[in-house]
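Read-outs: derived from the displayed coordinates by stated rules, not from any lab. No experiment lies behind these values; they were computed from the predicted model shown. As a convention, Cβ positions derive from the backbone with ideal geometry for all residues, glycine included, and neighbour counts pool all protein chains shown.
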Amino acid sequence: MNNKIKAAVAGAVLASASVANAGITWDAGEWTVDMNGNVNAYAVVSDNDDSSMALGGLANTKGNDSTAATIRTGLLPSWLGFTASTRQNDIDTSVTISFQPGAGGQGALQGGNGTTASNRAGSENRQAFLTFGDKSWGSVKVGKDLGLFGSTAILNDMTLLGVGSQGAVGTAGGTTTTLGRIGTGFIYADWNGQITYTTPNMNGFSASVGIFQPWNAGALATGLSDTSSGDTDQFGYQGQASYSWTGDFAGKVWGGFFSQEVTGLAVGGDERATAFEAGVSATVANINLVAYGYSGEGVGTTGLLLDGFDAAGKERDSDGGYVQATYVIPTGTKLGVSWGLSKLDDNAADAGDNLVKENEMLTIGAYHPLTKHLNLVAEYSQVTAESHLSTQGDAESDIFSVGAILFF
């Protein structure tokens, strides 16, 4: 596929050979138009223990000592994207626009008319960008698309075809997507305004670097004594480099970085949030293995700059990663197991706060290609959230899901 929906389908291609390699295309004058996307939905049941949730924890989805049931999209939103591409004056150009409707909600009149935000099925617009370039010197992307830092980690996550974690308290059924392994092994790359340059492929090596819309720092959960601050003086910076190889033992190694100054913190202080990442994916026969890790200061957890700073304006350290193994059996079904965690350190200013210490998730999944385009999915995930308070017990959710995802 081209760059239109690569964030969604590239990950799916890693997960299943049944995914199509092109959308629906037609010629329109000098342009080639590609309409592409997916539709998915899952029946999800979660069983939550009776422990209180740490602030920023991702275990419980609907209160304590309870069960919750919902029909919803998984980690991938249902997706409809359009890309128009052409070559003029020896330059390849394209434009991409997409939107992502949700499949679930918690109240009547949810089709954009619900009385509260939690009652409505979510809807997003994740992509609106143009590209231009040539294979001899690379390409430039201008607009809104998937960020660089954390992007390859999510594209290798097997729960991209499924559900994984549902997220924090109260989100079940009321948002566009689940979290997959976001916040339990990597920080979400998210969809950012950017100007990014990507080198041509040089015998398997390529690199991307860009300037990004600077984001505000904030809290993942209400109740934390974080400062909400931002910076519009300087751009954010992200980069990623990778090397891929083919053969009987094929694979990819990658590394990346994130950097942004955050201003307006407590007593007018300024800090710089930084993070680094590295990962490897290797395939031999029908076995694929993935290992990934990240470490940062001020980047927070789950989402970029969420809970990255304390009430005194000092950065919190965070790190995490995941390991994953999948095996394709003769029927074509991919079986997988994945484990990971994301850790967030506390500071002196956090004493007494019920701040999350780590979010951890174990996932076992089966992904069966019923047709070239259609996959049936079944997953079990156990999510645990631990607090920095020694008197606070761990919160745990057991999440069972079954559903289908179809690409075109």
**OP:** May I ask for the distance between the Cα centers of region 372-408 and region 271-309, given as a whole number of Å?
**Re:** 19
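Given Cα pairs under 8 Å that are at least 6 residues apart, what percent is the relative contact order of region 255-356? Let's see the in-between values first.
Numbers: 225 pairs, mean separation 21.3, N = 102.
After rounding, I find 21 percent.
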Original post:
Once the other residues with Cβ under 14 Å from the Cβ of Gly183 are scored (Lys, Arg +1; Asp, Glu -1), what is the net sum?
Top reply: -4
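Taking 24 Å as the cut-off for C-alpha to C-alpha distance, list the pairs among Lys141/Lys334; Lys252/Lys343; Lys252/Lys334; Lys314/Lys357; Lys314/Lys343 that go past it. Walk me through the numbers before you get to the answer.
On the way: Lys141/Lys334 34 Å; Lys252/Lys343 26 Å; Lys252/Lys334 20 Å; Lys314/Lys357 17 Å; Lys314/Lys343 17 Å.
Where the Cα-Cα span goes over 24 Å, the pairs concerned are Lys141/Lys334; Lys252/Lys343.
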